[in-house]
1. If I ignore ligands, DNA and RNA and count only protein heavy atoms, how much of T95 is accessible to a 1.4 Å probe, in Å² to the nearest 10?
2. How far, in nm, would the chain grow between L101 and V245 when pulled straight, counting 0.36 nm per residue and subtracting the alpha carbon separation?
3. Using +1 at the C-beta of Lys and Arg and -1 at the C-beta of Asp and Glu, which of F92, M46, T151 has the Cα lying farthest in the positive direction of the dipole of the chain?
4. Rank H36, H83, H235 by accessible area, highest first, at a 1.4 Å probe radius?
5. Which three numbers, in whole Å and largest first, are the semi-axes of the equivalent ellipsoid of segment 142-196 derived from its Cα gyration tensor as √(5λ)?
6. Where the only charges are on Cβ atoms (+1 Lys, Arg; -1 Asp, Glu), what is the dipole of the chain about its Cα centre, to the nearest 20 debye?
7. With every protein chain left in place and a probe of 1.4 Å, what is the accessible surface of M182, to the nearest 10 Å²?
8. For K264, which lysines qualify as cross-link partners when the Cα separation must be under 29 Å and same-chain residues fewer than eight apart are set aside?
Amino acid sequence: MNDYVLSAILGVIEGLTEFLPVSSTAHLRLAEALFHIDLTDPYWKMYTVVIQLGAVLCLPVYFRARIAKFLAMPRGDRPLHRHPLALVLVAFVVTAVPAFLLSKLIGKNLESLTIIGTALLAGGVVMAIVDLVRAPWEKAGPQAPGTPIRTWDMEQATLGQAVWIGACQILSAVFPGTSRSMSTIAGGQIARMSRAAALEFSFFLSIPTMFAATGNDLLKSLLGRQAGLPSPGLHGWTVLAIGFVVSFAVAYGSVAALMAWVRKHGFVPFAVYRIALGIAVLIWR
């Protein structure tokens, strides 16, 4: 297959799956196996990082108005640890430290289709159960008597919820296929957040998490090239650029579509897809 076409396909896959609760890592890993991409090749390792960076860069662009609103939010009686952006940073720290300490295990698990398939399947079951239990209350709204949902907007999130969601995100780091989005969204719902609040918190948490992860991996790749690895050349840089741009554009569209979809339909269709894909991976492996 032509490298430019392959790059566009991988960019679409990354852009579509990075923020959907279906695991972009699993889909890229499966695509790399399907297209016989050498995962030990330093160039393709760098390529994967670059297209992930393209996807995550769409978030500060898409949420620029919300970020500006949070930054301009008056202090008032709200303590610093209740500020939405401070809570995002708390969740990030809770995830980052264990993920850094377990980096070797994470790298090993990325090579296992058994772990990926099992994580897809188990995550789908968990997501379906959590969303179906919450569905009647989501439909009834915040005024419904006895609703277990306490946080309908991200501005109402608490420190305990942030710590819990950060802890849930560790699962997606250690077990590829779990999906960072799935773990944070389902974790948020379990912590009494609405679908919309959990989804938005998940998006905001993606910004520091993915920038740190992709920045670290990209730095390693660039330092490796300084140590004597060959330059990609014009062809290689063009392939990287195509993947980056396609990933950014598709991710931006998928974020907008997901925000609109979830408020009306929930996460069950994604859970069903995860379960089917997980079973297929376990059979195929």
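1. 10
2. So the chain would gain 48.6 nm between L101 and V245.
3. Value computed over the given set: T151.
4. Descending order: H36, H235, H83.
5. Over the Cα atoms of segment 142-196, the semi-axes work out to 23, 11, 8 Å.
6. So the dipole magnitude of the chain works out to roughly 680 debye.
7. 10
8. Partners found: K69, K139.
The values are calculated or read from the model by the stated rules, or taken from the named source; none is laboratory data. Keep in mind it's a predicted model, so treat the numbers as computed, not measured. All Cβ positions, even for glycine, are placed from backbone atoms using ideal geometry, and neighbour counts span all protein chains on display. When the accessible area is computed, the model is the full protein with side chains, heavy atoms only, and any ligands, DNA or RNA have been set aside. Shrake-Rupley method; radii C 1.70, N 1.55, O 1.52, S 1.80 Å.
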